[in-house]
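First comes the structure, then the notes that go with it.
The values are calculated or read from the model by the stated rules, or taken from the named source; none is laboratory data. For clarity, every value in this text was computed on a predicted model and none was experimentally measured. All Cβ positions, even for glycine, are placed from backbone atoms using ideal geometry, and neighbour counts span all protein chains on display.
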There are 2 protein chains.
Amino acid sequence: MNTKCIGKRTVRFQTPPRILSTGTIVGDVEGEGPLGSYFDIILKDDMWGEKSYEKCECKMFEQSVRTALEKIGMDTEKLDIVLGGDLLNQLITANFAARQLGRPFLGLYGACSTMAEGLLVGSMLIDGGFANYVSATASSHFSTAERQFRMPLELGGQTPPTSQRTVTGAGTVIICDGQNAADKNNSLSIFENIVVVGGTIGKVIDYGITDANNMGGVMAPAAADTLLTYLEESGETIEDFDYIITGDLGSFGAKMFKELCHDSGVELGDKHIDCGNIMFLPQQNTKCGGSGCGCAATVFGGYLLKRMEAGDFKRVLFMATGALMSPVSSMQGESIPAIAHAVVVERR
Amino acid sequence: MNTKCIGKRTVRFQTPPRILSTGTIVGDVEGEGPLGSYFDIILKDDMWGEKSYEKCECKMFEQSVRTALEKIGMDTEKLDIVLGGDLLNQLITANFAARQLGRPFLGLYGACSTMAEGLLVGSMLIDGGFANYVSATASSHFSTAERQFRMPLELGGQTPPTSQRTVTGAGTVIICDGQNAADKNNSLSIFENIVVVGGTIGKVIDYGITDANNMGGVMAPAAADTLLTYLEESGETIEDFDYIITGDLGSFGAKMFKELCHDSGVELGDKHIDCGNIMFLPQQNTKCGGSGCGCAATVFGGYLLKRMEAGDFKRVLFMATGALMSPVSSMQGESIPAIAHAVVVERR
């Protein structure tokens, strides 16, 4: 067993990669939510001057990377690897944005777990010695997701009580080699010293749920599996964290997640934050809250890291969950499996 | 610059990960091609007893991993990470197969470059100290791809001269830590000593081609870019290789690739093999040859590695290319960008 593997699924970095900057862009509805002031750019509409929602999402992905780089005065050329993904068919958002960015690119697909997958893979590539600077990005867009996964927006379809609203948002986190970070000239950062210390790779978990309007219920078991695996393999407890942060379980999924943890003897108490639960106000009528790759990406990058920097909390487990289905698999009667990847982030 | 990075995009492994085994499954048409005898399983039809083409592809993905493991008597439990992807919307093939395999999973999307992306990322994670055993898999299926990307099969549409036939195939390569491999008890392998010594991460390249029936022309510039970058950053020349192997440029794309290399002063001569070009016989009437993730995955895993083991060649650059579009991006007037990831494989 390699010393960096502290369990079959859990890794701990030798030199924890440092988080240098973030860039977050959200839609107008998200901007009116309680976290509005934390995001870098709030769009006035869901097109951003583009000719289609898809092109808008692509611009958001690209600009979230550029915004994160600009904050620390870093040239795009300095990025060794751009990592990322989105929800659209054939990952067009990430792929077309990567074309514009012109840097080495690794496309990832983990549905709404993509931000955590990117942070985990990016940190492993840095700590493994294969990159000095990487970006991890995930994006989603209400209007592109609705027409791809559900119905044309023009139909004005009703949603059931367990449904969530796909967040229009793109979030980027720039990470660098922890060793480089020691060299002050090389490490302009908007955060004093926030690092990724390790993480757990997700496993595909399926509880047999077939309701594509109950993503929280689909994803909660995967979140519980990854958290319990991390705790077991690391020997840590909930007490070692200020918060366990999930991506977009929403209110129904969050409740189920806490119950599943409870059934395994782990009490989350008030230590659980779900990004989907805090993105919107109750009066915004999003049923169970926000969802989509962009939810975890913007709330983590825009809000939670800033609160860590402010000293509000020091150590979190950030775990984004993804529901792994397509309209085709659902129509063919398949249940919906899910995955959750986790990273442990510390302010030092 | 870290010693493992020998250029901005090119890495060289400290302890080259070793290739232990492969598993390949192809459809009946592929089985009738010139490479038929090299594949592990040839299906009698394109359903394999499943109720849909999609479920068949998923079974092929899963069974290609199991076949590779069985050959070396390795428990599925021993796999630290399953890496892989496919062409279907929301990566359902890989995701549902990963559910069956029950191991930590990282979903990748690089269109038809996925096999090379998986080998490269998997090797980096091993050499970085984060895994001992990983599998990299890619799959495609003629009947799932046709109805998703083009037209229902029942229409019996005609294809233009530059078109290629999506290969029905799934290929898996099992890689392990080169250090572990030194311990004979730990390294049952079907290959004596074949290792991945390094590679180059792809960049998204777009020459403005919009014809979704000319994938070879779309992908050739990305292949040339990655090859030229590898040669420049490593200081090596074509003479250092027995073959440069591309994934599925097909006959038109292969010609363009050679011309683009020639224009940059690199002569491939007779040192180029394209997997798409050798998958079918001329009388099988596949126009420009084979394509799809499964093409490079099965030809590399089933045919080329066996020829290396037989001593026919010692050092190759394996580079799979992917066309990064979806029907939506094409309908919105976008051109088709492409990417090529490369790994250098040596028989020692």
Matching entry among B:G7, B:G33, B:G73, B:G85 (being within 28 Å of A:C112 (Cβ to Cβ) and either β-branched (V, I, T) or not in a helix (DSSP H, G or I) (or both)) = B:G85
ask   = Among the residues of region A:17-33, is there at least one that is in contact with a strand residue (DSSP E or B) (Cβ under 7 Å, 6 or more places away or on another chain), within 14 Å of chain B (Cβ to nearest Cβ) and touching a residue at least 60 places away in the same chain (Cβ under 8 Å)?
value = yes
key: Whichever residue in region A:50-62 is within 13 Å of another protein chain (Cβ to nearest Cβ) and touching a strand residue (DSSP E or B) at 6+ places or on another chain (Cβ under 7 Å) and, among such residues, is nearest to A:T76 (Cα to Cα)   = A:F61
ask   = Of the residues in region A:75-90, how many are over 23 Å from A:D248 (Cα atoms) and either within 7 Å of another protein chain (Cβ to nearest Cβ) or touching a Pro at 6+ places or on another chain (Cβ under 6 Å) (or both)?
value = 2
message = Just the residues that are more than 12 Å from the chain's Cα centre (by Cα) and either assigned to a strand (DSSP E or B) or buried (at least 24 other Cβ atoms within 10 Å of the Cβ) (or both), please, taken from region A:159-174.
response = A:Q164, A:R165, A:T166, A:T168, A:I174
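Results for (1) under 26 Å from A:F96 (Cα atoms); (2) of a type outside the set (S, T, Y), shown as yes or no for each residue.
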| site | (1), (2) |
| --- | --- |
| B:V266 | no, yes |
| B:H272 | no, yes |
| B:T321 | yes, no |
| B:M325 | yes, yes |
| B:I336 | yes, yes |
ask   = If you check B:M47 against the conditions, is it more than 9 Å from chain A (Cβ to nearest Cβ), in contact with a helix residue (DSSP H, G or I) (Cβ under 6 Å, 6 or more places away or on another chain) and closer than 17 Å to A:L106 by Cβ?
value = no
task = Identify all residues within region B:334-348 that are at pLDDT 95 or above and either among the polar types (S, T, N, Q) or not in a strand (DSSP E or B) (or both); write none if there are none.
result = B:E334, B:S335, B:I336, B:P337
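Scan region A:64-77 and tell me whether some residue there is touching a Phe, Trp or Tyr at 6+ places or on another chain (Cβ under 7 Å) and surrounded by 18 or more Cβ atoms within 10 Å (Cβ to Cβ).
Applying the first criterion (touching a Phe, Trp or Tyr at 6+ places or on another chain (Cβ under 7 Å)) to region A:64-77 yields none.
Among the residues of region A:64-77, not one is touching a Phe, Trp or Tyr at 6+ places or on another chain (Cβ under 7 Å) and surrounded by 18 or more Cβ atoms within 10 Å (Cβ to Cβ), which makes the answer no.
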inquiry  = If I filter region A:218-232 for residues that are part of a loop (DSSP other than H, G, I, E, B) and among the acidic types (D, E), do I get at least one hit?
reply    = no
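Scan B:D177, B:D206 and give me the residue that is farther than 25 Å from B:G289 by Cα and acidic (D, E).
On the way: B:D206 fails: farther than 25 Å from B:G289 by Cα.
None of the other options fit; the residue is B:D177.
Can B:P160 be described as out of contact with any helix residue (DSSP H, G or I) (no Cβ under 9 Å at 6 or more places or on another chain), under 29 Å from B:D211 (Cα atoms) and more than 8 Å from every other protein chain (Cβ to nearest Cβ)? I'd like the intermediate steps shown before the answer.
On the way: out of contact with any helix residue (DSSP H, G or I) (no Cβ under 9 Å at 6 or more places or on another chain): yes; under 29 Å from B:D211 (Cα atoms): yes; more than 8 Å from every other protein chain (Cβ to nearest Cβ): yes.
Yes.
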inquiry  = I'm checking my understanding of the structure. Among residues of region A:287-315 that are under 17 Å from A:G276 (Cβ atoms) and of a type in the set (F, W, Y), which one is surrounded by the most Cβ atoms within 10 Å (Cβ to Cβ)?
reply    = A:F300
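Just one of A:A98, A:A145, A:A136 is crowded, with 18+ Cβ neighbours inside 10 Å, of a type in the set (G, A, S), free of Cβ contacts under 8 Å to residues at least 60 places away in the same chain and not in a strand (DSSP E or B); which is it? Talk me through it step by step, then tell me what you get.
Numbers: A:A145 fails: free of Cβ contacts under 8 Å to residues at least 60 places away in the same chain; A:A136 fails: not in a strand (DSSP E or B).
Sole residue among the options that is crowded, with 18+ Cβ neighbours inside 10 Å, of a type in the set (G, A, S), free of Cβ contacts under 8 Å to residues at least 60 places away in the same chain and not in a strand (DSSP E or B): A:A98.
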task = Quickly run through region A:102-118 and pick out the residues that are surrounded by 24 or more Cβ atoms within 10 Å (Cβ to Cβ), at the interface with another protein chain (Cβ under 8 Å from one of its Cβ atoms) and closer than 16 Å to A:E62 by Cα.
result = A:P104, A:F105, A:L106, A:G107, A:L108
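Out of A:S335, A:S329, I need the residue that is surrounded by 23 or more Cβ atoms within 10 Å (Cβ to Cβ) and within 14 Å of another protein chain (Cβ to nearest Cβ). Which one?
Working: A:S335 fails: surrounded by 23 or more Cβ atoms within 10 Å (Cβ to Cβ).
Sole residue among the options that is surrounded by 23 or more Cβ atoms within 10 Å (Cβ to Cβ) and within 14 Å of another protein chain (Cβ to nearest Cβ): A:S329.
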request  = Taking B:A136 as the residue in question, decide whether it is within 30 Å of B:L43 (Cα to Cα) and at pLDDT 95 or above.
outcome  = yes
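Of all residues being assigned to a loop (DSSP other than H, G, I, E, B) and not charged (D, E, K, R) in region A:36-58, which is nearest to A:F130 (Cα to Cα)? Just the residue, please.
In the first step, residues of region A:36-58 are kept if they are assigned to a loop (DSSP other than H, G, I, E, B); the result is A:39-40, A:43-52.
Applying the additional criterion that residues be not charged (D, E, K, R) yields A:39, A:43, A:47-49, A:52.
On the way: A:F39: 31, A:L43: 36, A:M47: 37, A:W48: 36, A:G49: 38, A:S52: 37 Å.
Filtering region A:36-58 for residues that are assigned to a loop (DSSP other than H, G, I, E, B) and not charged (D, E, K, R), the one nearest to A:F130 (Cα to Cα) comes out as A:F39.
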query = Can you name the number of the only condition in (1) more than 30 Å from B:Y133 (Cβ to Cβ); (2) aliphatic (A, V, I, L, M); (3) within 14 Å of chain B (Cβ to nearest Cβ) that A:L69 fails?
reply = (3)
